[in-house]
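Only one structure is covered here, and it is reproduced in the block below.
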Amino acid sequence: MLAGLARDDEDFDLDDRSEALKPLRPAAARAYLADPHVLHWIEEEDGLVLGHLYCTVIRLRAGAPLELLLYEIGVRKAHRRRGVGRRLMKTMFAWMRKRGVLEVWVLADNPIAVKFYRACRLRKAREVPSYMTRVS
Ligand SMILES: CC(C)(COP(=O)(O)OP(=O)(O)OC[C@H]1O[C@@H](n2cnc3c(N)ncnc32)[C@H](O)[C@@H]1OP(=O)(O)O)[C@@H](O)C(=O)NCCC(=O)NCCS
């Protein structure tokens, strides 16, 4: 499943973004799947993954012990606007309720994603930090 998602990544992303990704090596894929902080849900139909949502559990040092970072959600282009994304979000919210995790956050990186997250009752944070990165 993971390798298929990587190969088909283009179909789950924006038109002008993304390309096939290199699947993880078997040991790294096993570590990903075994990691209790990795939550990755899919919706499938007749063996075809229509959409997926990957989030990661973040352990906090004070206050609430855990929160979620919604790292990625994607629905195949031909299956959008049919509720797949909303159902994946509902699955995540149900997991949060069950575990008593109150907050999930995401870096929404395009206007449609913002509309989608709003429809799922996420709200823009008041303070928006700068996204910074270093790739070695
Ligand atoms: C964002 C994304 C996951 C939404 O998935 P989806 O299955 O199409 O979403 P849903 O059908 O569950 O839509 C739920 C609601 O979100 C809003 N929404 C979704 N797509 C929208 C669009 N293109 N324009 C306006 N509103 C939209 C609507 O309110 C919709 O409800 P409605 O169809 O009853 O009006 C999908 O468009 C996608 O994979 N985009 C490319 C990847 C991406 O941008 N991921 C997020 C990166 S931060």
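The values are calculated or read from the model by the stated rules, or taken from the named source; none is laboratory data. On a predicted model such as this, the values are computed, not experimentally measured, just so you know. When we count neighbours, we look across all protein chains shown, and the Cβ atoms used for this are built from the backbone with ideal geometry, even at glycine.
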Handout entry: Output for region 98-114, where each listed residue is surrounded by 10 or more Cβ atoms within 10 Å (Cβ to Cβ), more than 16 Å from the chain's Cα centre (by Cα) and either within 12 Å of the ligand (Cβ to nearest atom) or not β-branched (Val, Ile, Thr) (or both)
Key = 99, 102
Exercise for the section: Give region 44-91 a look and list any residue that's within 11 Å of the ligand (Cβ to nearest atom), under 23 Å from residue 31 (Cα atoms) and touching a Cys at 6+ places or on another chain (Cβ under 7 Å), or say none. Expected result: 70, 71
Handout entry: Only one of 94, 125, 119 that is loosely packed, with under 12 Cβ neighbours inside 10 Å, hydrophobic (A, V, I, L, M, F, W, C) and modelled with pLDDT under 95
Key = 125
Fill in the blank from the handout: Condition set among the small types (Gly, Ala, Ser) and over 21 Å from residue 42 (Cα atoms), scope region 115-136, selection nearest to the chain's Cα centre (by Cα): answer is 125
Practice task
Run residue 136 past the list (1) under 24 Å from residue 16 (Cβ atoms); (2) assigned to a loop (DSSP other than H, G, I, E, B); (3) not aliphatic (A, V, I, L, M) and report the number of the one that doesn't hold.
Solution key: (1)
Handout entry: Failed item, numbered, when residue 127 is tested on (1) more than 29 Å from residue 7 (Cβ to Cβ); (2) part of a loop (DSSP other than H, G, I, E, B); (3) near the ligand (Cβ under 9 Å from one of its atoms); (4) charged (D, E, K, R)
Key = (3)
Practice task
Could you figure out which of (1) assigned to a loop (DSSP other than H, G, I, E, B); (2) among the charged types (D, E, K, R); (3) touching a residue at least 60 places away in the same chain (Cβ under 8 Å) isn't true of residue 81?
Solution key: (3)
Fill in the blank from the handout: Scanning region 20-54 for residues that are under 17 Å from the mean Cα position of the chain (by Cα) and charged (D, E, K, R), the one farthest from residue 86 (Cα to Cα) turns out to be 35
Fill in the blank from the handout: Filtering region 5-21 down to residues that are among the small types (Gly, Ala, Ser) and either in contact with a Leu (Cβ under 6 Å, 6 or more places away or on another chain) or modelled with pLDDT of 95 or more (or both) yields 6
Exercise for the section: Consider only pairs whose beta carbons are under 8 Å apart and that are at least six residues apart or on different chains; among these, list those whose first residue lies in region 29-46 and is surrounded by 12 or more Cβ atoms within 10 Å (Cβ to Cβ) and whose second residue is of a type in the set (Gly, Ala, Ser) and part of a helix (DSSP H, G or I). Expected result: 29/3
